[in-house]
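The values are calculated or read from the model by the stated rules, or taken from the named source; none is laboratory data. Not measured: the values here are computed from a predicted model. Here the Cβ is made from the backbone with ideal geometry for all residues, glycine too, and neighbour counts use every protein chain on show. The area values use the complete protein model at the heavy-atom level, side chains included, leaving out ligands, DNA and RNA. Shrake-Rupley method; radii C 1.70, N 1.55, O 1.52, S 1.80 Å.
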Amino acid sequence: MAKKFGLVFILAALAALCLAGGEAVPADSGAEIPAGEKYVALTFDDGPRRGTTDRLLDGLGERGVKATFFLIGEQIEANAALVTRMAEEGHQIGNHTWSHVHLGGANAAQEVEGTEKALEELLGGEGYWLRPPYGDAPEGMTFSVPLVKWSVDPRDWENRDAEKVARSILENVEPGSIILLHDIYPSSVEAALKVADRLREEGYWFVTVEELLRLNGVTPEAGTMYRTGRG
Ligand code: NI
């Protein structure tokens with residue numbers, strides 16, 4: 001027993017030494033988020049999609065990176081395990097309407113409500129934040145949750161080259177950025193993981209949109225559209 005305990009102790013001491021002497025590991029899974037650091041939010045729209053979302057969750061998990069997913073309601077039931085996994089792994093989940101409609105349409109309210117209901121049934125809770133498709137919320141429409149737009153858009157739906165998408169993000173990112181990607185393209189998943197590796201080396205921490213606002217001292221309000229962590 002004593003021998004076993006000694007070995008465990010030595011391993012723990014070695015691990016502590018590696019952490020202290022080696023690279024700092026920002027955004028480590030389960031680590032507390034320190035104040036005053038460089039924060040950024042990766043956001044993914046139009047999923048979940050089998051084959052790409054699960055690959056992304058694997059990669060984010062390996063890196064201890066938290067992200068935000070705005071889901072299409074009609075894709076939730078067939079991908080319930082993926083959505084449950086997102087929640088369990090600490091990602092923020094939001095609403096991207098039932099079938100990706102423009103909120104100016106006649107059925108916009110039902111589209112938002114449908115996805116909210118699906119998320120409530122699967123995950124519990126309520127008031128899932130909304131990313132309007134095309135980033136557009138018509139004047140005069142009222143919302144019971146905060147709205148999330150973005151400040152960095154590499155147009156990954158158009159540009160399916162992971163290297164180019166990653167470069168576009170890295171050229172435009174700054175602390176407080178909300179980055180728009182789509183977890184339905186293999187190239188976007190690859191780009192996201194490249195960006196995660198690169199920005200972690202530069203000392204960035206990846207947090208959810210909700211955390212990003214809180215860390216910037218912003219209190220989210222229903223019906224307000226947030227483009228960056230600073231509001
Ligand atoms: Ni979309």
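Residues that are assigned to a helix (DSSP H, G or I) and aliphatic (A, V, I, L, M) within the stretch 208-224 comprise V209, L212, L213, L215, listed in sequence order.
Among the numbered conditions (1) under 18 Å from the mean Cα position of the chain (by Cα); (2) open to solvent by 10 Å² or more (accessible area, probe 1.4 Å); (3) under 22 Å from R55 (Cα atoms); (4) polar (S, T, N, Q), the only one that T228 does not meet is (3). If the condition is being surrounded by fewer than 21 Cβ atoms within 10 Å (Cβ to Cβ) and part of a helix (DSSP H, G or I), then the stretch 73-90 contributes E74, E77, A78, N79, A80, A81, T84, R85, A87, E88. In the condition set (1) touching a Phe, Trp or Tyr at 6+ places or on another chain (Cβ under 7 Å); (2) open to solvent by less than 60 Å² (accessible area, probe 1.4 Å); (3) part of a loop (DSSP other than H, G, I, E, B), L103 is compliant with all but (1).
Report the residue count in the stretch 106-119 for those that are assigned to a loop (DSSP other than H, G, I, E, B) and either touching a strand residue (DSSP E or B) at 6+ places or on another chain (Cβ under 8 Å) or crowded, with 21+ Cβ neighbours inside 10 Å (or both).
Result for the stretch 106-119: 0.
Residue-by-condition table, conditions (1) in a strand (DSSP E or B); (2) open to solvent by 40 Å² or more (accessible area, probe 1.4 Å); (3) under 21 Å from L56 (Cα atoms):
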{"position": "E121", "(1), (2), (3)": "no, yes, no"}
{"position": "M141", "(1), (2), (3)": "no, yes, no"}
{"position": "S144", "(1), (2), (3)": "no, yes, no"}
{"position": "E163", "(1), (2), (3)": "no, yes, yes"}
{"position": "A166", "(1), (2), (3)": "no, no, yes"}
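The single condition from (1) more than 14 Å from the ligand (Cβ to nearest atom); (2) open to solvent by 10 Å² or more (accessible area, probe 1.4 Å) that A137 fails is (1). Of all residues in the stretch 43-60, those satisfying the criterion of being away from the ligand (no atom under 15 Å from the Cβ) and surrounded by 15 or more Cβ atoms within 10 Å (Cβ to Cβ) are D54, R55, L56, L57, G59, L60. Only a single item in (1) part of a loop (DSSP other than H, G, I, E, B); (2) under 20 Å from G73 (Cα atoms) is not met by I93, and it is number (1). Among the residues of the stretch 174-184, count how many are in a loop (DSSP other than H, G, I, E, B) and surrounded by 20 or more Cβ atoms within 10 Å (Cβ to Cβ). Summing the residues that are in a loop (DSSP other than H, G, I, E, B) and surrounded by 20 or more Cβ atoms within 10 Å (Cβ to Cβ) in the stretch 174-184 gives 3.
Where residues in the stretch 123-134 are in a loop (DSSP other than H, G, I, E, B) and within 16 Å of the ligand (Cβ to nearest atom), which of them is surrounded by the most Cβ atoms within 10 Å (Cβ to Cβ)? Per the stated criteria, the residue is R131.
Scanning the stretch 186-222 for residues that are open to solvent by less than 40 Å² (accessible area, probe 1.4 Å) and farther than 16 Å from L60 by Cβ gives S187, G203, L213, V218.
For the stretch 171-190, filtered to residues that are more than 26 Å from G231 (Cα to Cα) and among the aliphatic types (A, V, I, L, M), the residue that is farthest from the ligand (Cβ to nearest atom) is V189.
Only residues that are open to solvent by less than 10 Å² (accessible area, probe 1.4 Å) and either more than 14 Å from the ligand (Cβ to nearest atom) or among the charged types (D, E, K, R) (or both): list them for the stretch 61-72, please. Within the stretch 61-72, G64, V65, A67 meet the criteria.
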